[in-house]
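Data first, discussion second: the structure below is written as structure tokens.
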Amino acid sequence: MAELETRQGINARYAKTLDTQALREAFLIERIFQADDITMTYSHMDRIIVGGIYPVSQSVAIGSEYNHVVGTNFFLQRRELGLINIGGPGVVNVDSDTYQVGSQEALYIGAGQGHQQLNFSSVDAADPAKFYFNSTPAHQAYPSRLITLEQASPVTLGAPETSNQRTIYKFIVPDVLPTCQLSMGMTRLAPGSLWNTMPCHTHERRMEVYFYFNMNGEAAVFHMMGEPSETRHLLVRNEQAVISPSWSIHSGVGTQQYTFIWGMCGENQVFDDMDHVKVSDLL
């Protein structure tokens, strides 16, 4: 069983005092995937759990040893979970149901599921699955469901002239399937575009996590965070994630093309419930 890391909430006033290392320790998750294991980071911000499941030579399970993490009889007793596979074909067993989850496909698992079995495996060890997941508290149970890339309600935004042309695949949103509070999707930048979510925004009613991938070893994303009047940045490498509080902007520019997965939880699931910030108002 991998160690669980806990991140306490950080308010905007305190964040202004942090140096680079302290910002990274508070908001950056440096390792998501560990072979044949599970990683979990438990954030006090809306009680989201962020992690990776990486079955290479053997299957991996979320069993009773994780019950203490959430203080219930089993992991998803009062939680829901969404995952997106960024690796090779994988298989997820949820109690008596089996889901074949291909590359760039998502699986939503509703609260109350996984009491008997919550098991993850790869079809081919030479091309293992990589399940990136978010889990949030849930007060209502909804059916589990596989969501393909074609079903993910794609929307293209931005333009080449502003270096932010991108396609947003909304896998786990109300227009696709019902959930209690979790929303997840994937944004893929077009060739030649480097900026995501710029012009930027905040949303006081939801926190968000960004997970960056599809970068080589020398590439990085400069993830912009902080209040609009007190911007900071985190340098993010391949397959790392950033916890973004509701008071913070969340945007980034890369040294090359990249893809990222976003996950949100909070008061509502209205995708465009945002407080937009003009570039001219950033400091």
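A count restricted to the range 181-221 and to residues that are of a type in the set (Phe, Trp, Tyr) and closer than 20 Å to Pro160 by Cα stands at 1. The set of residues in the range 39-78 that are among the aliphatic types (A, V, I, L, M) and free of Cβ contacts under 8 Å to residues at least 40 places away in the same chain comprises Met40, Val70. On the given criteria, is Gly82 part of a strand (DSSP E or B) and either in contact with a Leu (Cβ under 7 Å, 6 or more places away or on another chain) or loosely packed, with under 14 Cβ neighbours inside 10 Å (or both)? Yes: the conditions hold for Gly82.
Scanning the range 256-274 for residues that are surrounded by 13 or more Cβ atoms within 10 Å (Cβ to Cβ) and of a type in the set (Asp, Glu), we see that the one that is nearest to Cys200 (Cα to Cα) is Asp273. Pairing residues of the range 148-159 that are among the hydroxyl-bearing types (Ser, Thr, Tyr) with residues that are surrounded by 13 or more Cβ atoms within 10 Å (Cβ to Cβ), at Cβ distances under 6 Å and at least 6 apart in sequence or on separate chains, gives Thr148/Glu105; Ser153/Lys170; Ser153/Val176; Thr156/Thr167. Candidates are the residues of the range 259-276 that are in a loop (DSSP other than H, G, I, E, B) and in contact with a strand residue (DSSP E or B) (Cβ under 6 Å, 6 or more places away or on another chain); the one that is modelled with the lowest pLDDT is Gln269.
Within the range 11-26, not a single residue is among the small types (Gly, Ala, Ser), in contact with a strand residue (DSSP E or B) (Cβ under 9 Å, 6 or more places away or on another chain) and assigned to a loop (DSSP other than H, G, I, E, B).
The values are calculated or read from the model by the stated rules, or taken from the named source; none is laboratory data. None of these values were measured; they are calculated from a predicted model. Positions of Cβ are backbone-derived with ideal geometry, glycine not excepted, and every protein chain shown enters the neighbour counts.
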